[in-house]
Structure formats: C-alpha cells, structure tokens
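The values are calculated or read from the model by the stated rules, or taken from the named source; none is laboratory data. As the structure is a prediction and not an experimental result, all values here were calculated from the model. FYI the Cβ positions are ideal-geometry reconstructions off the backbone, even for glycines, and counts take in every protein chain you see.
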Amino acid sequence: MNAKPARAQNLTWGMALLRALCSHRANSMPVLATLSSMPPFASLAGRQVKQLLGLGLSLSTWLFAPVTALAQTEVLPYLPDAGAVKQTLLNSPGVYSALAKRDAQRERAQGIRAGHAEFTVRSSFQSRRAGAAEGRFTESIISVERPIRLWGKSAQDSALAAQTEAVAGIEYSDALHEASRELLKLWFAHLRGLNDQQNANLHFDYMQQVQRQVERRFQRGELAQLDLTLASAELSRAQAVRDSAQAQLAASRATLNRRYPTLSIPSVIPLAPLPPMPQGLDTLRDAFLAKNHELNLLRAEAQRLQLLARRFELERTPDPTLGVYAATERGGAEQISGVSLSFPIGGPIRAANSRMAMAEARSLEEQVQQVERSLAGGFDALWAQLLHKRSAADNLSQAAQRQAVAAEKSLRAFALGEYSLAQTLQVNRTASEYRHAARTTQLEVIELVALLWLDLHEIWDLD
C-alpha cells in the first residue's frame, strides 16, 4: 500500500474524529452517530467505529483534563457554587420558556414523522327514478380513502423530524448557556460594585485621618482656616463617593437577589491569586467553535433546510390516494364494492417550493461560514484583550502598591509639617485611583478568563 495515500487517509480520519469529539465530548452516543454518517467512516463496520471512538474518547479525556483542572483552580473561588447555579438556572422562567419551546418543537417533529395524510370518509345518498313501471329506488355509496406516502417520502420525513428534534435540543442548550452568561455578567457587576465600595471606604477612612490631623494642627496654630476648609471639603467629597458606591452596590445586590433568589450573594471580594494567561490559542479557538451553540444551531438548521429541500423535491411527484368503497343500487337489489385510486396533477407550485427551499439552504450555509469567521474573530479579540489586560493588571498592581507606600509616607510627612495639605491630598487621591484601577483591571481579567472557560463549557456546563 502506498504510504502517502495511507497518511492522507489517516489525517482525514483524525480530523473527522476530532470534530466529532469536540462537538459531543461528554456523550459517546451522538459521537457514534456522527462518525457513522461521516464519509471517512461510512465504509467501516460498526465494531470498527466503536473501537476508534473508544481510542478517541481516551485521547480526548487526556487532552482536556488539564484544561478542566486549570479552570477549576483559577476562577472558581470568584464564582458562585456550581450546584446552586445549576438549580437556579434550571428553575428560572427564561429556561422554563426555552424548555416549553423545545417540547413544542419535539411535538412538531412528531407531526412531521406522522405525516399529513388522513383518512377521509365519503358518503352519498341518491334517488333513482326508473319509470312508472319500476318506480323510485333509494341508492347509497360510502367510501374510505387515504393518501399514501411513496417515493421515499416517509423516510425523508423521519430524517427531517430527527433533525428538527436536534435543532430543538441545541436551541434549549443555547438558552441555558445564554442564561449562564447573563448570570456571570451580573455576578461580576456585583463584584465590581464591592470593589468600588471597598475603595471608597478606604479613601474615606484615610480622609478622616487627614481631617483629624488638620484639626489638631489648626488648633495649635500651624494651619490656616483655608486648610481646614479644604480638608473638610475633601472629606465631604469622599463621603459622597462612598454613598454613591453604596448605592450602586445596593442596586447590583437587589438585581441578583431578585433574579437569582437562591444564590448566596457575597459581601466581600474573594481573596485568590490572579489566574495566569491560558495557553494554546489555536486549540482553544477550535474547541470554542466546535462547542458554540449559535454556530451549531446554524449548522443544524442548515442541515434541516437541506432535508426540507429534498422533501420538497420529492413532493414534485404527487402521492396517490387509495380508497375502498361500497354501494347499493336499485333499492338494494344490486351490491357494488371496489377500490379507487387517484393521482393529483402537480402544478408549478411544487417546483417553486423545491427551488425556494434549496435557495434558503444555500443562504444559511453561507451564513454559517460568515458567523464562524465572526466568532473566530471575536474569540481572537477576547484573547488579545485578555493578554493586554493581564499585563496591565500586573503593572497597575505594582503601581498601586508603590503609590500606597507614598500615600502613607506623605501622611506622616504632613503630620511632621514636611508636606503641605494640598500635596498630601493629591498623593492620596492618586493612590486611591491607582488602587481602584488595579483591582478593577484584575476583576476584568478574571471575568474574561471565566467567560472563556464558560464558552468552552469547562465551568457551569449544563448541557
């Protein structure tokens, strides 16, 4: 056997296996069905496919286990309990609505599988006048007829129903994922509110120390009335900032309590190390695209439209209607029974429907490519943002630490009369801004990392 074709075949099988594993890593049955329908594996026996699937799942576990463990140790201290999140989201009205929609789509699929053909019962009565000699006769006829799905339409309807159910399942999973993303967004909004409150409290406490020193030095005659007024104004400003931060925090807490009443809302920011930068951009991007519900929903819908287009193509050949009937004539003197068969004569509407469905399928296929590129670009943008924000967080943390030391020294220098009040206030204000910016950037980094793992289904995976 030639080595080059063998290597090419192995590469084709490997890429197909990787796509199937990325799409259904948690469940082997969908992978088996996916592999069996792929061209590289269609010629293999079921036993061979299962053996290859077992090897692939082992490889998948080995590849993804470090990613999952890394996600657990990095961001979980900042997030609510996974069990509480699952219970809260599954009991939310939005998810209940998505569940009802999924059930409706499943019932629609059952209707497609059953078909539109129904039995029709016809009955008629008539009076026959045969002349004066024979008189009048009562006659009747009754028939039962039903269209018959032929030309492969029943099998195509079954495939279309199965794909409709698959689309409904992906829509439900997408609703769960979007609910998880919304919870994550509101959760970190609350953590940022805690950061604002904490920073405002620290700044207010510092200004109280400054105010006390200014009052003591003013009483000793070392400072003018203007300095006392300036310190009081700065303390009032710090109080206003603290009140504003408290209002924002109360609003975010009220939102969380109302939206997710079963979750335990934190009152302090967790103390945990800043997560390191994830590694493997290309691998993570491929996994993100394989697991993205929006993209998978478009792919599934495109496949459904392809099946629908094929169904419309089959519909260009009309289905016959088969029936049986029984009749009585001449007052029951004659008994008639028989079988009827009718064929509709198809018009241009059947061909137009077929062409329309094919055009819609092609349109959605192109949309899949567009959305895939857009999502890949968005993932790369998030990665670049995370990379630069991670560096900014380190630099701001160092700057905040140094400025905090400078603020403490300036306060001692002011107490000794070596620093003016204006200089002390300016140094402290800068320290407060640096501290707030550093912690805000750290929370942004943690939120980006959490969002990354959430989109990769490594945390809060409710599928």
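Observations, loosely collected:
- Within the stretch 123-160, if we keep just the residues that are among the charged types (D, E, K, R) and modelled with pLDDT of 80 or more, the residue that is farthest from E301 (Cα to Cα) turns out to be E139.
- Per-region count, the stretch 270-288, residues surrounded by 18 or more Cβ atoms within 10 Å (Cβ to Cβ) and of a type in the set (A, V, I, L, M): 2
- Long-range neighbours under 8 Å by Cβ, at least six apart or interchain, first residue farther than 17 Å from N428 by Cβ within the stretch 205-232, second of a type in the set (A, V, I, L, M, F, W, C) and not in a helix (DSSP H, G or I): F218/A224
- Applying the criterion of being part of a loop (DSSP other than H, G, I, E, B), over 17 Å from the mean Cα position of the chain (by Cα) and of a type in the set (G, A, S) to the residues of the stretch 91-118, the residue that is surrounded by the fewest Cβ atoms within 10 Å (Cβ to Cβ) is A117.
- The condition of being modelled with pLDDT under 90, in the same structural domain as A200 (by TED's automatic domain parsing) and touching a helix residue (DSSP H, G or I) at 6+ places or on another chain (Cβ under 6 Å) holds for only one of L416, L421, that being L421.
- Within the stretch 424-451, considering residues that are farther than 13 Å from R192 by Cβ and either outside the structural domain of K409 (by TED's automatic domain parsing) or hydroxyl-bearing (S, T, Y) (or both), the one modelled with the lowest pLDDT: T424
- Residue within the stretch 191-202 that is of a type outside the set (S, T, N, Q) and closer than 30 Å to L416 by Cα present: yes
- Some residue of the stretch 195-206 being exposed (fewer than 15 other Cβ atoms within 10 Å of the Cβ), over 30 Å from L89 (Cβ atoms) and acidic (D, E): yes
- Annotation note: of A231, A240, the sole residue that is in a helix (DSSP H, G or I), over 28 Å from the mean Cα position of the chain (by Cα) and surrounded by fewer than 19 Cβ atoms within 10 Å (Cβ to Cβ) is A240.
- Meets criteria (touching a helix residue (DSSP H, G or I) at 6+ places or on another chain (Cβ under 7 Å) and more than 30 Å from V214 (Cα to Cα)) for Q385: yes
- Among the conditions (1) exposed (fewer than 15 other Cβ atoms within 10 Å of the Cβ); (2) under 30 Å from L230 (Cα atoms); (3) without any contact (Cβ under 8 Å) to a residue 40 or more places away in the chain, the only one that A404 does not satisfy is (1).
- Residues (assigned to a loop (DSSP other than H, G, I, E, B) and either of a type outside the set (D, E, K, R) or outside the structural domain of E365 (by TED's automatic domain parsing) (or both)) located in the stretch 289-346: N292, T317, P318, P320, A333, F343, P344, I345, G346
- Residue pairs whose Cβ atoms lie under 9 Å apart, sitting 6 or more positions apart in sequence or on different chains, and linking a residue in the stretch 417-437 that is over 13 Å from D227 (Cα atoms) to a partner that is modelled with pLDDT of 85 or more and among the acidic types (D, E), are N428/E234; R429/E234; A431/E408; H436/D196.
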